[in-house]
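Undergrad: First the structure, which I've put down as structure tokens, then a few questions once you've had a look.
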Amino acid sequence: MKLHVLPPSSNSHGPIAVVRKLGLDIEIVNAFEKTRTDEFIKMNPCHTCPTIELDDGAIWESNAVMRFLVLTAGKDGETLYPNDAIIRGKLDTAMDWRTSVLYPLLPDIGYIVFGYPTSDTGAKEAFKKLLDEVFPVLTGTFLKNTKFIYSDTPTIADLSIAPSLTFIQARKHFWAKVPQEVKDYHTRVLEAFPETKEYFDMLTHMTEEVTGEKADLEP
């Protein structure tokens, strides 16, 4: 079985962290500049990473990939996705929230690291929404009584949410205004998966290399 990833991508970081933390016998394949090839599109017509290559078909979308990985790991996987319907329901709520609410606000802020076109106005509006609506849910609900999402130990919900927050560091004045509680959570999750540090650091270094007006934009 193979896990196709884009190494600097926060979407790939969660699945990589699961494979490494659980010591799964899965080959991690760098798919950079390969996702638009005929071979890859035949496997995944959405040409996205991460993608699990199976003998028959494929599984993609980061949250789906992580759920698949922990479920195939048996008891070991339960350390990252507890076998309790209520807890899983809460973790799934946070993961779906990440996809539908949190992540759509990040491209205008952070995709400058990839050199993609971004809107400064869009970045400011998105960051305001993060401060006013998104971070309060993260800290006031998901992290209300625990160090991690609905848990005192890290789960795949944290791997879904925390790595993507790194994008905000591309705009240094934005990151300076991120609540300390959110910054501490971000650090706590990444440090809980030292096996994946080299991948986390790739995106961090990319945010540090961004210079110019966009990097210096005030929120």
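Undergrad: Given the criteria part of a loop (DSSP other than H, G, I, E, B) and touching a residue at least 60 places away in the same chain (Cβ under 8 Å), does PRO154 qualify?
TA: In short, yes.
Undergrad: Further question on the same structure: Conditions first: (1) touching an Asp or Glu at 6+ places or on another chain (Cβ under 7 Å); (2) under 24 Å from ARG20 (Cβ atoms). GLY122 passes all but one, so which condition is the exception?
TA: Status for GLY122: all satisfied but (2).
Undergrad: Note down all Cβ pairs under 6 Å where the first residue falls in region 177-205 and is assigned by TED's automatic domain parsing to the domain that holds PHE127 and of a type in the set (Ser, Thr, Tyr), the second is surrounded by 15 or more Cβ atoms within 10 Å (Cβ to Cβ) and part of a loop (DSSP other than H, G, I, E, B), and they're at least six residues apart or on different chains.
TA: Hits for this filter: TYR199/PRO7.
Undergrad: Looking only at residues in region 170-219 that are aliphatic (A, V, I, L, M) and assigned to a helix (DSSP H, G or I), which one is surrounded by the most Cβ atoms within 10 Å (Cβ to Cβ)?
TA: Out of the qualifying residues, it is ALA170.
Undergrad: Can you tell me how many residues within region 123-142 are among the small types (Gly, Ala, Ser) and more than 18 Å from THR207 (Cβ to Cβ)?
TA: Residues that pass the stated criteria total 1.
Residues are listed down the side, and each one gets a yes or a no for (1) at pLDDT below 95; (2) within 21 Å of LEU143 (Cβ to Cβ); (3) touching a Ser or Thr at 6+ places or on another chain (Cβ under 6 Å):
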{"site": "HIS13", "(1), (2), (3)": "no, yes, no"}
{"site": "ILE16", "(1), (2), (3)": "no, no, yes"}
{"site": "GLU27", "(1), (2), (3)": "no, no, no"}
{"site": "ASP56", "(1), (2), (3)": "yes, no, no"}
{"site": "TRP60", "(1), (2), (3)": "no, no, yes"}
{"site": "ALA64", "(1), (2), (3)": "no, no, no"}
{"site": "ASN83", "(1), (2), (3)": "no, no, no"}
{"site": "LYS90", "(1), (2), (3)": "no, yes, no"}
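Undergrad: Between ILE41, ILE52, ILE59, ILE87, which is touching a Phe, Trp or Tyr at 6+ places or on another chain (Cβ under 7 Å) and either of a type outside the set (A, V, I, L, M, F, W, C) or not in a strand (DSSP E or B) (or both)?
TA: Going through ILE41, ILE52, ILE59, ILE87 in turn, just one is touching a Phe, Trp or Tyr at 6+ places or on another chain (Cβ under 7 Å) and either of a type outside the set (A, V, I, L, M, F, W, C) or not in a strand (DSSP E or B) (or both): ILE87.
Undergrad: Being modelled with pLDDT under 95 and touching an Asp or Glu at 6+ places or on another chain (Cβ under 8 Å) is the requirement here; does LYS214 meet it?
TA: On the way: modelled with pLDDT under 95: yes; touching an Asp or Glu at 6+ places or on another chain (Cβ under 8 Å): yes.
In short, yes.
Undergrad: Within region 112-128, which residues are farther than 16 Å from HIS173 by Cα and assigned to a helix (DSSP H, G or I)?
TA: PHE114
Undergrad: Show the residue pairs that are 6+ apart or on different chains and have beta-carbon atoms under 7 Å apart, the first residue being within region 74-87 and over 15 Å from GLY23 (Cβ atoms), the second being polar (S, T, N, Q).
TA: TYR81/THR155
Undergrad: Right, another one. Against the conditions (1) in a loop (DSSP other than H, G, I, E, B); (2) under 18 Å from the mean Cα position of the chain (by Cα); (3) hydroxyl-bearing (Ser, Thr, Tyr), where does THR166 fall short? Just the number, please.
TA: Single failed check for THR166: (1).
Undergrad: For residues that are part of a helix (DSSP H, G or I) and without any contact (Cβ under 8 Å) to a residue 40 or more places away in the chain, tally how many sit in region 8-38.
TA: Within region 8-38, residues that are part of a helix (DSSP H, G or I) and without any contact (Cβ under 8 Å) to a residue 40 or more places away in the chain number 1.
The values are calculated or read from the model by the stated rules, or taken from the named source; none is laboratory data. Just so it is clear, the structure is predicted and the values come from calculations on it, not from any experiment. Quick reminder, even Gly has a Cβ in these numbers, built from the backbone with ideal geometry, and neighbours come from all protein chains shown.
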